[in-house]
Amino acid sequence: MSDAMAQFRDAFFEEATELADGMEATLLSMDLASVEVEDLHTLFRAAHSIKGNAATFGFPAVASFTHQLESTLEPVRQGTRPMTPDLRELMLQGVDLIRSHLHHARREEPLPAKEQQLQEMLVAKLQEDATAAPLPPPAPDMQTPARSVAMKGGRGFSIRFEAPTDSFRRGINLERLFRDLAKLGTLQIWPDLTRIPAFEQMDPEDCHLAWDIRLETAHPQIDVDDIFEFVAEGDNLRIQPLSPEGTVPTLGEILQTEAGVSPADIREALSQQKRLGELLVDMGKVKPEAVNKALDQQQKKRNQAEASTVRVATDKIDRLVNLVGELVITQAMLAQASQQSNTMQGEEQMSAALLQLDRQTRELQERVMGIRMVPVEMVFSRFPRMVHELGKQLGKDVELVMEGQATELDKTFIEMLVDPLTHLVRNAVDHGMEDKAERLRTGKPAMGTIALRASSRGGHIHIEVKDDGKGLNRDRIYQKALDRGLIQPGSRPSDEELNLLIFEPGFSTVEQVSDLSGRGVGMDVVKQNVRALGGRIEVESQPGRGTLIRLVLPLTLAILDGLTVRVAEETYVFPLASVLESFQTRGTDVQTVKGDREVISLRGEFIPVVRLQRLLTVGSGQETSDRTLLVLVESEGRRAAMAVDELLGQQQVVIKSLETHYRRVEGISGATILGDGRVALILDVPGLMRLEAGAAAVGA
Amino acid sequence: MGRLILTVDDSSTMRQMITFTLKGAGFDVLEAGDGVEALGVAAGKKLDLIITDVNMPRMDGITLVQRLRALPEFKFTPILVLTTESDASMKQKGKEAGATGWIVKPFSPEKLLDVVNKVL
């Protein structure tokens, strides 16, 4: 080796040591909760440089080990493998090994056997770790199929490359690209000359060449990207992995390889191909609207199919696995303690283990419930775009402010909230917000603000849609409600009651429906869905100041806000969401009509009275008291007054399915266990109404 | 006949390292300390490749690329600029000026030869 090269070798050791130090510092300063992508790139680059230089200067052992670290880091910096504390630990050990490699390489001695062993173990762990902890599938928008191939290498790539127009003027050697590609594997190339302009319009220094390339190679995409480094300008280069081994290739793929049909021709042929819907419309067999509707339906089904799975962050699963590990230890402790349960020590051990078991069981329960919880971000994320588009469409300047996107909600809720929230936000932009001119006239900033907030409060999730628009016009709501028979003439509903009327079915005016046509969603759907989730809606509105609509939802479907009541000797639970009010009345207020049906007149409205003792056949069936306690409930737009014997209080109850333990019972939606250990049935209000209607029919 | 490469850098250590690497790979190498000197050295020569640093006294690398591209004999000659990782926009500036490609500093001799082979 020449003296000059030896000089470079010294430089290599210095640089490599510095790089290793840098890797260590980066690893240690890294905040694993929110890893900076730049840090990951730095780590990768350092490993990459050490590897490259080591290879150049003739240290294959250093190069091959650093290559292992580099390939471990590749998926990490691509965001497909998380930087976990364990991985950081392994990488730190790797840095130590690089140092000792460098130390021994400098002295031209081999790596000692002990460290060789250490290295083998570490490499094995790095690889095992990569397979044992697969990541959840990345969200569709992150998942470019090319990405996965970038790491592993697949069968090869289908490449479309349009040379930059200034290729010649930049002295780019296009031939070189193909020579380099050919080094990676088997090439098939179809030149595309269609982009070359007519002779008289051609500037000979402009490049109009394009190629479709099929490259069969086991190399990862990063190697292909590298070849195109100087000529890739975004959309002029598309690299797609060939369909993986084992899958059935498309007809186009086979024709390309077997019959030499060019990808450009296939694309052209495909663009001429009409879709089934278009063909049917052309044939006059179906209306375009029907096709669109069918496509919507198909999309819905597709969404439902996707919704039946849940993606869980790996760290949540990791914690569960840890907990199960702890449980196993606790079990061992208990087993051991039970063998010597007659000794003092055994007893102590037993109670310690039981205490531990108690804590672990509780944590396990919470964490398993937590698996169903997903951040509300999943619904919110669609709104910035929607508000922007809607504002543009309506000529309004609207700014969307979002808060609390990290608030977690039961997955079922997320799906059922999409439509209602979409509707509320559209409504806020469309009807809530004044146009620019009007806003300026009333002294408001031209830019309107819509706030979307999620927060978790005392066992409930609040989701608010707030606008700074004109507020609800309660006079108009009153008039409209009167016209539509939603309220009785002469009745004086409170502001709050009037606000809530906008969610009544049949309240939405035709013009409102047409604004949102094609959606099939009215404000009543908001109410329906929120009710179905066991939640309620609150509305605050000030004329000229804006409207706030708040959806109050339970934390999870498994927990219900209930009103517990006593009927004879039994305790029942009303879902609080269906309860409007409760009041005491004198027996004489209840009038009997049509033989044995009872009604009560309430603010000018006749409401059927349901005697729960009789309906549920509990107690003596004879209410002797002349004072009746009534709970006014509402469901599906119908009201009923349920006669109970005592109100016990409001409380949250955990819903247990009756069907899984017994069978379906009409009028009962489930059961719960009360604090004192007794079982109480949860009443199904619509079911009770059906039951009552049936009983009345039989009685009449 | 070996191919002729002009390397332009105000740091003599960097020039030496580049020259050493390129000569080791069988290229003939000319050196210049800045853009103005480079234009002088290049005049009347048939160069196969020019590698230039960006930050240099008298005339920077981007201006040098523009000036070279304006000369008929260097209109299509491959030109590489030496950029640093911290200044990604320099790649774009180099491209707009007409540079063929770039080498990101710090680079290894291996990387240098890789890139040179990519454009020659």
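The values are calculated or read from the model by the stated rules, or taken from the named source; none is laboratory data. Since we're looking at a predicted model, the values are computed, not measured. All Cβ positions, glycine included, derive from the backbone under ideal geometry; neighbour counts span all protein chains shown.
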For this session: Among the residues of the range A:161-177, count how many are more than 43 Å from the chain's Cα centre (by Cα) and under 17 Å from A:Arg238 (Cα atoms).
Result: 1
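Per-residue answers, yes or no, for (1) modelled with pLDDT of 90 or more; (2) in the same structural domain as A:Glu598 (by TED's automatic domain parsing); (3) in contact with a Gly (Cβ under 8 Å, 6 or more places away or on another chain); (4) surrounded by 14 or more Cβ atoms within 10 Å (Cβ to Cβ):
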site: A:Ser620; (1), (2), (3), (4): no, yes, no, no
site: A:Val633; (1), (2), (3), (4): yes, yes, no, yes
site: A:Gly637; (1), (2), (3), (4): no, yes, no, no
site: A:Ala641; (1), (2), (3), (4): yes, yes, no, yes
site: A:Val653; (1), (2), (3), (4): no, yes, yes, yes
site: A:Thr660; (1), (2), (3), (4): no, yes, no, no
site: A:Arg664; (1), (2), (3), (4): no, yes, no, no
Exercise. Name the strands (runs of 3 or more DSSP E) wholly within the range A:593-694 that hold at least 1 residues that are closer than 19 Å to A:Leu576 by Cα?
Worked result: A:605-611, A:627-635, A:638-644, A:646-654, A:668-673, A:679-683
Problem set entry | Tally of residues being under 24 Å from B:Leu113 (Cα atoms) and either without any contact (Cβ under 8 Å) to a residue 12 or more places away in the chain or of a type in the set (A, V, I, L, M) (or both) across the range A:179-210 | 5
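So, of the residues in the range A:535-570 that are assigned to a loop (DSSP other than H, G, I, E, B) and at pLDDT below 75, which turns out to be surrounded by the most Cβ atoms within 10 Å (Cβ to Cβ)?
Ranking the candidates gives A:Thr556 first.
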For this session: May I ask you to list the residues in the range A:580-613 that are under 21 Å from A:Ser635 (Cβ atoms) and charged (D, E, K, R)?
Result: A:Glu581, A:Arg597, A:Glu598, A:Arg603, A:Glu605, A:Arg611
Exercise. From the residues in the range B:95-109 that are surrounded by fewer than 17 Cβ atoms within 10 Å (Cβ to Cβ) and of a type in the set (D, E, K, R), which one is nearest to the other protein chains (Cβ to nearest Cβ)?
Worked result: B:Glu96
Problem set entry | A:Gly443 out of contact with any Pro (no Cβ under 8 Å at 6 or more places or on another chain) and more than 19 Å from A:Gly534 (Cα to Cα) | yes
Exercise. Within the range A:29-43, is there a residue that is of a type outside the set (S, T, N, Q), closer than 17 Å to A:Asp96 by Cβ and within 14 Å of another protein chain (Cβ to nearest Cβ)?
Worked result: yes
Problem set entry | Search result, residues across the range B:67-86 that are more than 9 Å from chain A (Cβ to nearest Cβ), outside any strand (DSSP E or B) and surrounded by 14 or more Cβ atoms within 10 Å (Cβ to Cβ) | B:Arg67, B:Leu68
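Listed here are the residues, each with its yes/no results for (1) out of contact with any His (no Cβ under 8 Å at 6 or more places or on another chain); (2) in contact (Cβ under 8 Å) with a residue 60 or more places away in the chain; (3) not aliphatic (A, V, I, L, M).
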| residue | (1), (2), (3) |
| --- | --- |
| B:Thr7 | yes, no, yes |
| B:Met17 | yes, yes, no |
| B:Leu22 | yes, yes, no |
| B:Asp34 | yes, no, yes |
| B:Ala38 | yes, no, no |
| B:Lys45 | yes, no, yes |
For this session: Could you please give the count of residues in the range A:152-207 that are hydroxyl-bearing (Ser, Thr, Tyr), closer than 24 Å to A:Ile222 by Cα and away from chain B (no Cβ under 14 Å)?
Result: 2
Exercise. Can A:Leu237 be described as in the same structural domain as A:Phe168 (by TED's automatic domain parsing), buried (at least 16 other Cβ atoms within 10 Å of the Cβ), under 30 Å from A:Arg77 (Cβ atoms) and touching a Gly at 6+ places or on another chain (Cβ under 7 Å)?
Worked result: no
For this session: Output yes when any residue across the range A:423-441 is in contact with a strand residue (DSSP E or B) (Cβ under 8 Å, 6 or more places away or on another chain) and over 19 Å from A:Pro384 (Cβ atoms), and no when none is.
Result: yes
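Against the condition surrounded by 14 or more Cβ atoms within 10 Å (Cβ to Cβ), at pLDDT 85 or above and more than 30 Å from the chain's Cα centre (by Cα), how does A:Gly471 come out, does it pass? Give the steps one after another, and end with the answer.
On the way: surrounded by 14 or more Cβ atoms within 10 Å (Cβ to Cβ): yes; at pLDDT 85 or above: yes; more than 30 Å from the chain's Cα centre (by Cα): yes.
Yes: the conditions hold for A:Gly471.
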For this session: Have a look at B:Lys118, B:Lys46 and point out the one that is at the interface with chain A (Cβ under 9 Å from one of its Cβ atoms) and over 11 Å from the mean Cα position of the chain (by Cα).
Result: B:Lys118
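Residues checked against (1) touching a strand residue (DSSP E or B) at 6+ places or on another chain (Cβ under 6 Å); (2) outside any loop (DSSP other than H, G, I, E, B); (3) within 11 Å of another protein chain (Cβ to nearest Cβ); (4) buried (at least 21 other Cβ atoms within 10 Å of the Cβ):
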{"site": "B:Thr13", "(1), (2), (3), (4)": "no, yes, yes, no"}
{"site": "B:Gln16", "(1), (2), (3), (4)": "no, yes, yes, no"}
{"site": "B:Thr21", "(1), (2), (3), (4)": "no, yes, yes, yes"}
{"site": "B:Val29", "(1), (2), (3), (4)": "yes, yes, no, no"}
{"site": "B:Leu39", "(1), (2), (3), (4)": "no, yes, no, no"}
{"site": "B:Leu64", "(1), (2), (3), (4)": "yes, yes, no, yes"}
{"site": "B:Lys93", "(1), (2), (3), (4)": "no, yes, no, no"}
For this session: Inspect the range A:188-204 for any residue being touching a strand residue (DSSP E or B) at 6+ places or on another chain (Cβ under 9 Å), in the same structural domain as A:Ile172 (by TED's automatic domain parsing) and within 13 Å of A:Gly156 (Cβ to Cβ) and give the result as yes or no.
Result: yes
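Every residue, every condition in (1) in contact (Cβ under 8 Å) with a residue 60 or more places away in the chain; (2) among the acidic types (Asp, Glu); (3) more than 12 Å from A:Gly171 (Cβ to Cβ), yes or no:
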position	(1), (2), (3)
B:Leu49	yes, no, no
B:Thr52	no, no, yes
B:Arg67	no, no, yes
B:Ala70	no, no, yes
B:Phe74	no, no, no
B:Met90	no, no, yes
B:Ala99	no, no, no
B:Val104	no, no, yes
